[in-house]
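The values are calculated or read from the model by the stated rules, or taken from the named source; none is laboratory data. Small disclaimer: the values here were computed from a predicted structure and weren't measured. Cβ atoms come from the backbone with ideal geometry, glycine included; neighbour counts cover every protein chain shown. Just so you know, the surface numbers come from the protein's heavy atoms only, side chains and all, with ligands and any DNA or RNA stripped out. Shrake-Rupley method; radii C 1.70, N 1.55, O 1.52, S 1.80 Å.
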Amino acid sequence: MNKISVSIMCADPYNFSKDLEILEECNVDYLHIDIMDGHFVPNLGLGLDYINKFRKHTNIPFDYHLMIENPDKIIPKLDLREDDLVSIHFESSYRLEETLDIAKERNIKLFLAMNPGTPVRILRSAPEWLAGINFMTVNPGFAGQQILPTSYKKMSRLKNYLKELGCPDLTIEVDGNMDLENIEVFKNLGANIFVLGTSSIYKNHQLNKDEIIKIKGMI
Ligand code: DX5
Ligand code: ZN
């Protein structure tokens, strides 16, 4: 079954608790938590103290997107729960081995995030226990960007390559500019988790409940 992951960086922090009530009522599948360090991407996100406090207020699984260098240093500091997902970037990981070891030891559902310019063939060396791919359709770091047009063909290439590698059903999350039109296109191309932000449910940073219901019906 396909799922939605709501991008919290697109919310107005003033409305967090009200938004959380709506997101729980709508049974959203994940809260997408963008963590940034100002190095791997030229932006900063909420810090660990805030995120771990926020974590205590909901049972919605978290979908952590680590846009940071040295993810192996941060993963152990997250308040991880059984159904949470963690995406690390292939491009940030000159210590990929250490991060993979930590994830395996701790039984983490690990996703490998790929920038738009990163070729699908990097997946040849991915471990077979990887839980999924975070397929970026924009360069990471900022909400509200336009999809890179090369993303459509790359998604087809990815699906074909996963078939070749013998894992045609590996979960694919799509992150960046998922408006209604792109959701429809990427659903048909085989995506499974849709990150929803300013392009759909958080236009003008105000949560739109009707839009969540509509998208849940579409996927
Ligand atoms: C982009 C972030 C996304 C973003 C997605 O770097 O990873 O989570 O907020 O939402 P849009 O593109 O709709 O603002
Ligand atoms: Zn993200």
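Values as computed for the structure displayed
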{"read-out": "Residues of region 1-73: accessible area per residue with a 1.4 Å probe, Å²", "value": "49 Å²"}
{"read-out": "Stretchable slack from residue 153 to residue 188, in nm (0.36 nm times residue separation minus alpha-carbon distance)", "value": "11.3 nm"}
{"read-out": "Solvent-accessible area, 1.4 Å probe, carbon plus sulfur percent, for region 176-219", "value": "47 percent"}
{"read-out": "Alpha-carbon centroids, region 27-64 and region 102-138: separation in whole Å", "value": "19 Å"}
{"read-out": "Those chymotrypsin sites (Phe, Trp or Tyr not before Pro) in region 109-168 that DSSP places in a loop and that have at most 13 other beta carbons within 10 Å", "value": "129"}
{"read-out": "Where GluC sites (Glu not before Pro) in DSSP loops with at most 14 other Cβ within 10 Å are excluded, longest remaining stretch of the chain", "value": "129-219"}
{"read-out": "Spacing of the two label points (7 Å from each Cα toward its C-beta) at residue 82 and residue 204, in nm", "value": "4.2 nm"}
{"read-out": "Hydrodynamic radius of the chain per Kirkwood, over alpha carbon pairs, in Å", "value": "17.4 Å"}
